[in-house]
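The values are calculated or read from the model by the stated rules, or taken from the named source; none is laboratory data. Quick caveat: nothing in here was measured; it's all calculated off a predicted structure. Reconstructed Cβ throughout: ideal geometry from the backbone, glycine too, with neighbour counts over all protein chains shown. To get the accessible areas, we keep the full protein, side chains included, count just its heavy atoms, and leave off ligands, DNA and RNA. Shrake-Rupley method; radii C 1.70, N 1.55, O 1.52, S 1.80 Å.
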Amino acid sequence: MSKIKSPKKLIEVALPLDDINNASGKEKSVRHGHPSTLHLWWARRPLAAARAILFAQMVNDPGGERGFYAGKTKQQADKEREELFEIIRELVEWENTNNEEVLAKARAAIKNSWEETCLLNKGNPDFNPNELPAFHDPFAGGGTIPLEAKRLGFKSYATDLNPIPILLNRCMIEVIGRFDVDAPVSTSDNELFNNPDISAVKSDVKFYAYKVLERAKKLIGDNYPKVKIPLTHGGGKGKVLTWLWCRTVKSPNPMANGKHTPLIKGPLIANKKGRYIWLDQSIDQNGELKFEIKESSQKPSVKGTVGRAGSKCVYTDTPIPLNYIREQGKQGNLGYRLIAAVVLVGKKKVYISGDEIEVPKVNVPEGIPNNEILHWSGCTNVCVYGMTRFKDLFLPRQQVAMYTFAKLISEIRVEISSAAKNKGLNDDGMSFTDGGNGAEAYADAICLFLACCLGRAADYWNSVTSWESSGEFVAHAFTKHALPMIWDFGEVNPIENGGGSWESAVDWVVRVIERLPQGQGVVQQHNAMEPFHVKNTVISTDPPYYDNVPYSNLSDFFYMWTRIALKDIAPQNFGTIQTPKNDELVASHSLYDDIDEAMEFFSEGMTKTLSSLYEESNPSIPVTIYYAFKQSETSDNGTSSTGWESFLASVVKSGFAIT
């Protein structure tokens, strides 16, 4: 076969980096409708960067450095390059994400460059000017790069070993464009669901999500009763939006008589200029701890009862070492206590002391998963305090809520399928994961989006959230890629319409749906170290960074609940009890006692992966690989980055040349 001729690509010559970086930075402030808000995943790349890189990876540079444009003057080449830069500048703006005029320019430039490359390789069956090569991301993760490939006109293949990315990528690149539906299958006269201005998928997701909520309220509504409102706030009863809890530990001082002392990092629960609300702790005449809500226009001088060094017993004013708290946790002796509640009175939030509220006891079903947390030092520090199972991170009432919503998602699939058949979708019996586009597959697709709602809920319905006093809201658990110990936390009311509730989760998800592009996408669970079946692909990927994120360890937090909802819908992805660990391409601190062995596994695995990509990739198009990890080690020999060095060694061994 003749040698492949390849014009130098724009990415190999120059890029408007300042414009790409600025747009990527601005994108961080975008929330509603951004794909990152579909479901949490760690270390995502900006859409702007992914879009720009893919474009520049495909488009030929006008300079003719490989002879394609022989005879063109430098001025002409510079002018044409600037025109391509201008396309990129428009392309990376968030406002232009679905601007068809801007996207059409980008797609046309990509198509023209591909046709030019095919002309250079005329007669080679791998170069069809009428069809772009397929795209593949072997570490699809949160789906940014496969999504942008689909948006730019590629048939986009997204693969990953972890089932949670499989769920996210299915929702982002497989659903939209597969089904011939121009109206929702749900039957409702309510404009909230049946609106001609919004897509059928979005309408149906919202409709069936609210059906799930209605049924959940009947099943678990008694777990969330209204509470009495103090006469100082008008009396009567009100709905609780959030319960505020703290962990407790038995005081080691004999003078405390075995009582549990509260572990509160910060007693301020409202921290805005001119409005300060805090918890005042006192011991009554019977020696019992009481919480009282205090409010002032002046900021009080109040301190918590726990910090890095340990805690202080509120009964005896004696210190409690952190090691003691950890040991008590490992023995299962840490407790928790309600300290306050956020209650809706009219349109105003009112705080009520936990001493005035009775929380109903709940019966936890036997089906709650008992998955172990695979400890990774520095990332799963809850284990140090005896919370070694994921269910330990959820209060009993939260476990019941998560289990109930997960089961309802699984059960509602039959109802969606029946409605789809009544609306005329073909009854081919094929599931979504088998490539179906009929009623059964459509029901699966709606449930996939409902499972994303469940994932968003899990991030809020747990005991490792935190209460943000400056904004007076519950912050989700994964503000970082870790599960640290949280001493005082907020329990969201899942069935009321407040921040972190089911309705809130649904609202975030459906806003993403309306911005997803048409086109072709294929998602498969695949080990990147093994060869992929599609050849001559365009490859752009963001691989794991050595030991930066313990993806599988953390994703079991979501998987345990998602599996309940989807194990009958996608058994090939959600059949196992936990996410795959042994083949995950990270230098695992959990699986290897010796970090050198972990590094060896990562290096060999990355070399294997890149060798497969070398064989798979289209030889006329450069492969782009993201690497943004900054960790370094300093020794007597200087400063180095083990992960970066290991990664570069794998690139060279696999046969690639770095340009």
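Classify the stretch 341-403 as rounded, prolate or oblate, taking a ≥ b ≥ c as the square roots of the eigenvalues of its Cα gyration tensor: rounded when a/c is under 1.5, otherwise prolate if a/b is larger than b/c and oblate if not.
Verdict is prolate for the stretch 341-403.
Taking the DSSP beta bridges in the chain as the whole, what percent of them are antiparallel, to the nearest 5?
Counting only bridges with both partners in the chain, antiparallel ones make up about 80 percent.
Amide H neighbours of V345 under 5 Å, at least 5 residues apart or on other chains, H built in the peptide plane: list them.
Answer set, sorted by chain and number: V350.
Provide V384, V586 ordered by accessible surface of protein heavy atoms (probe 1.4 Å), highest first.
V384, V586
In debye, nearest 20: dipole of the chain around its Cα centre with unit charges on the Cβ of K, R (+) and D, E (-)?
It comes to approximately 1780 debye.
Averaging sequence separations of C-alpha pairs under 8 Å and six or more residues apart, then dividing by the length of the stretch 288-354, give the relative contact order as a whole percent.
25
Could you point to the residue in F154, P46, I87 farthest towards the positive end of the chain's charge dipole, with +1 and -1 charges on the Cβ of Lys/Arg and Asp/Glu respectively?
Sorting the options by dipole projection puts first P46.
Assuming R0 = 51 Å, can you tell me the calculated FRET efficiency for the pair E116 and K217, based on Cβ-Cβ distance, to the nearest 0.05?
Plugging the Cβ-Cβ distance into 1/(1 + (r/R0)^6) gives 0.25.
For the charge dipole of the stretch 263-380, defined by +1 on Lys and Arg C-beta atoms and -1 on Asp and Glu C-beta atoms about the Cα centroid, which residue among S311, P267, I368 has the Cα displaced farthest towards the positive pole?
Value: P267.
Compare the peptides 55-61, 31-37, 239-245 by average per-residue count of other Cβ atoms within 10 angstrom and give them in order, highest first.
55-61, 239-245, 31-37
For the chain, what does -39500 (n - 2.57) per DSSP helix run (n ≥ 4), summed and divided by total residues, give at 222 nm, in deg cm²/dmol to the nearest 500?
About -11000 deg cm²/dmol.
What angle, in degrees between 0 and 90 and rounded to the nearest 10, separates the Cα long axis of helix 551-566 from the longest principal axis of the Cα atoms of the chain?
Computed tilt is about 80 degrees.
Could you please state, rounded to a whole Å, how far the C-alpha centre of the stretch 208-273 is from the C-alpha centre of the stretch 388-462?
Between the Cα centre of the stretch 208-273 and that of the stretch 388-462, the gap is 29 Å.
What do you get for the angle between helix 74-91 and the principal long axis of the chain? Use alpha-carbon atoms, 0 to 90 degrees, nearest ten.
Relative to the chain, helix 74-91 is tipped by roughly 30 degrees.
Scan around V538 for amide H atoms under 5 Å from its own, H built in the peptide plane at 1.01 Å from N, and keep only partners 5 or more places away or cross-chain.
Sorted by chain and number, the residues that satisfy this are A134, F135, H136, N618.
Compute the angle between helix 396-422 and the longest alpha-carbon principal axis of the chain, please, reported from 0 to 90 degrees and rounded to the nearest 10.
Result, in degrees: 50.
So, with +1 on the Cβ of K and R and -1 on the Cβ of D and E, and no other charges, what is the size of the charge dipole of the stretch 209-263 about its Cα centre, to the nearest 20 debye?
Magnitude of the dipole: close to 160 debye.
From the backbone phi of the stretch 493-501, what are the Karplus-calculated ³J(HN,Hα) couplings (6.51 cos²θ - 1.76 cosθ + 1.60, θ = phi - 60°) in whole Hz, Gly and Pro given as x?
Residue by residue, the stretch 493-501 yields 7, x, 9, 9, 8, x, x, x, 6 Hz.
Just to confirm the filter: which GluC sites (Glu not before Pro) across the stretch 264-302 are DSSP coil and have at most 11 other Cβ within 10 angstrom of their Cβ?
E288
Express the relative contact order of the chain as a whole percentage, based on alpha carbon pairs under 8 Å and six or more residues apart in sequence.
18
Counting Lys and Arg as +1 and Asp and Glu as -1, what is the net charge of the other residues whose Cβ lies under 10 Å from the Cβ of Y208?
Around Y208, the surrounding residues sum to +1.
With unit charges on the beta carbon (Lys/Arg positive, Asp/Glu negative), name the residue among A439, I277, P35 whose Cα is farthest towards the positive pole of the charge dipole of the chain.
Of the candidates, I277 comes out farthest on the positive side.
Pull up the cross-link candidates among the aspartates and glutamates for K349, meaning alpha carbon to alpha carbon under 16 Å and not fewer than 8 places away within one chain.
Partners found: E295, E468, E472, E491, E496.
Using 32 Å as the Cα-Cα cut-off, could you pick out the over-long pairs in K265/K361; K259/K361; K294/K330; K74/K155; K9/K608; K28/K250?
Long pairs (Cα-Cα over 32 Å): K294/K330; K74/K155; K28/K250.
Using a 1.4 Å probe on the protein chains only, how many percent of the accessible area of the chain belongs to carbon and sulfur?
Carbon and sulfur together cover 47 percent of it.
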